[in-house]
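Participant: Sharing a structure, written as structure tokens. Questions coming.
The values are calculated or read from the model by the stated rules, or taken from the named source; none is laboratory data. These numbers were taken from a predicted model, which means no experiment stands behind them. All Cβ positions, glycine included, derive from the backbone under ideal geometry; neighbour counts span all protein chains shown. We work out accessible area using only protein heavy atoms, side chains counted, and drop any ligands, DNA or RNA first. Shrake-Rupley method; radii C 1.70, N 1.55, O 1.52, S 1.80 Å.
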Amino acid sequence: MVSPHHRLTPCAMLAAMSHVSNDRPQIVLDCDPGHDDVIAIVLAAHTTNLLGITTVAGNAPLDRTTYNACVMRDAMQLDTTVHSGAERPLVAEPKFAGYVHGASGLDGAELPAPSHGADSTDAVSFIIDTCRQNEGVWLVPTGPLTNIALALRTAPDLVDRIAGISLMGGGTFGNRTPLAEFNVWADPHAAAMVFDCGAPITMAGLDVTHQFLVTPPRIEQVEAINTPFSSMITDLFRFFARNYLSRHEHMVGAALHDPLAVMALTHPHLFIGVDRHVTIEMEGRHTTGMTVIDRRDMIGQEAPNAHVLERVDHEAAWAIVLDALAAASNRAAHA
Ligand code: RIB
Ligand code: CA
């Protein structure tokens, strides 16, 4: 008898079906590039129907995360558009992560200037219009959830239109504080709105993303692709890994968080997850921004609202990312 916590949720079933049916999930990637967001863009371009990229302030101020997304749009010759969104959280003061990603949000490599900036400055309208014009879109946020919360508040009908939300964020431990992960911590009010919205949610938190590391041997595999694009990614990885290792006692590589929010949709068989009730701590002196994950097995406890990923086959996941990087490198080289 499979416990109710292990029963596939609608979002997990949809994700599994999308893998089985070979349909590429239609997604809007909402991100704050960010070194790992860049790999989420590379993977999404290779494995999904990427309807658009929206940007949010997070790892760096909005002008920088947007610039970085445009760099990737053009460097990869992507047939998609970039739409800038919220430059600050719903309520909290803006907070950035220059200590990890550098002041530019993407330090460590020479970035080719984009041909033009954002294709619009209205990410929220882009999200709403795209979800109304296409059946079964997945929203894939890999930064603070401000844009997603604003879209859901502006257009409550989206909850019943979208296939779900596959997000990177949260966990049973933190990275910005002992218990709060950066994306949720940066805008806890937005995160609370998203987790309470009622749409199917898949959560790739630190428990699973810290199993997926960019180690020196893996960086050498990227370097061996040997194109200008792969060299840029190699330089970005080296910066990202150096920063991670300089700040952690025992990690052997940088956690490649964001692509797992994409891969949870395209390759759900690589993950083990459990349906849990997740809510956001908003007032704790030491816990604000924490995802409170109910792992009890009590009769009458709150029903699950998220499929929380706990394990990933990191070797298989890396092979998929490396394949996507090779494809992006070859496309860029022949552009
Ligand atoms: O805590 C990790 C998350 O915060 C990742 O999405 C990283 O890019 C930053 O946004
Ligand atoms: Ca991110």
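Participant: Is there a residue being touching a residue at least 24 places away in the same chain (Cβ under 8 Å), open to solvent by 10 Å² or more (accessible area, probe 1.4 Å) and within 17 Å of the chain's Cα centre (by Cα) anywhere in region 280-297?
Facilitator: No: region 280-297 contains no residue that is touching a residue at least 24 places away in the same chain (Cβ under 8 Å), open to solvent by 10 Å² or more (accessible area, probe 1.4 Å) and within 17 Å of the chain's Cα centre (by Cα).
Participant: Also: Report the residue count in region 189-232 for those that are in a helix (DSSP H, G or I) and either among the small types (Gly, Ala, Ser) or away from ligand 2 (no atom under 16 Å from the Cβ) (or both).
Facilitator: Residues in region 189-232 being in a helix (DSSP H, G or I) and either among the small types (Gly, Ala, Ser) or away from ligand 2 (no atom under 16 Å from the Cβ) (or both): 20 in total.
Participant: Identify all residues within region 132-150 that are within 17 Å of the chain's Cα centre (by Cα) and either closer than 20 Å to residue 92 by Cα or away from ligand 1 (no atom under 16 Å from the Cβ) (or both); write none if there are none.
Facilitator: Within region 132-150, 137, 138, 141, 142, 143, 144, 145, 146, 147, 148, 149 meet the criteria.
Participant: Taking the condition assigned to a helix (DSSP H, G or I) and buried (at least 19 other Cβ atoms within 10 Å of the Cβ), does residue 332 pass?
Facilitator: no
Participant: Next question. Counting only residues that are outside any loop (DSSP other than H, G, I, E, B) and among the hydroxyl-bearing types (Ser, Thr, Tyr), which one in region 69-101 is nearest to residue 41 (Cα to Cα)?
Facilitator: Only one residue fits best here, namely 84.
Participant: Among the residues of region 81-99, write down those that are open to solvent by 20 Å² or more (accessible area, probe 1.4 Å) and either among the β-branched types (Val, Ile, Thr) or within 13 Å of ligand 2 (Cβ to nearest atom) (or both).
Facilitator: 81, 91, 96
Participant: Checking the conditions here, which among 16, 44 is modelled with pLDDT of 95 or more and either open to solvent by 20 Å² or more (accessible area, probe 1.4 Å) or in a helix (DSSP H, G or I) (or both)?
Facilitator: None of the others qualify; the one that does is 44.
Participant: Condition (residue is touching a Ser or Thr at 6+ places or on another chain (Cβ under 7 Å), open to solvent by 30 Å² or more (accessible area, probe 1.4 Å) and in a loop (DSSP other than H, G, I, E, B)) applied to region 120-131: is it met by at least one residue?
Facilitator: yes
Participant: Where residues in region 165-183 are out of contact with any strand residue (DSSP E or B) (no Cβ under 6 Å at 6 or more places or on another chain) and not in a loop (DSSP other than H, G, I, E, B), which of them is farthest from ligand 2 (Cβ to nearest atom)?
Facilitator: Restricting to residues being out of contact with any strand residue (DSSP E or B) (no Cβ under 6 Å at 6 or more places or on another chain) and not in a loop (DSSP other than H, G, I, E, B), the top hit is 182.
Participant: Is it the case that some residue within region 203-211 is under 20 Å from residue 95 (Cα atoms) and open to solvent by less than 10 Å² (accessible area, probe 1.4 Å)?
Facilitator: yes
Participant: Another one. Which of the residues that make up region 119-145 are charged (D, E, K, R) and touching a Gly at 6+ places or on another chain (Cβ under 9 Å)?
Facilitator: 119, 122, listed by residue number.
Participant: Does residue 149 satisfy the criteria of being of a type in the set (A, V, I, L, M), within 14 Å of ligand 2 (Cβ to nearest atom) and either open to solvent by less than 40 Å² (accessible area, probe 1.4 Å) or without any contact (Cβ under 8 Å) to a residue 12 or more places away in the chain (or both)?
Facilitator: Taking the combined requirement at face value, the residue does not satisfy it.
Participant: Going residue by residue through region 53-65, is there one that turns out to be within 12 Å of ligand 1 (Cβ to nearest atom), crowded, with 20+ Cβ neighbours inside 10 Å and among the hydroxyl-bearing types (Ser, Thr, Tyr)?
Facilitator: Yes: region 53-65 contains one or more residues that are within 12 Å of ligand 1 (Cβ to nearest atom), crowded, with 20+ Cβ neighbours inside 10 Å and among the hydroxyl-bearing types (Ser, Thr, Tyr).
Participant: Are any residues in region 115-146 within 22 Å of residue 275 (Cα to Cα) and more than 16 Å from ligand 2 (Cβ to nearest atom), and if so, which ones?
Facilitator: The answer is 136, 137, 138.
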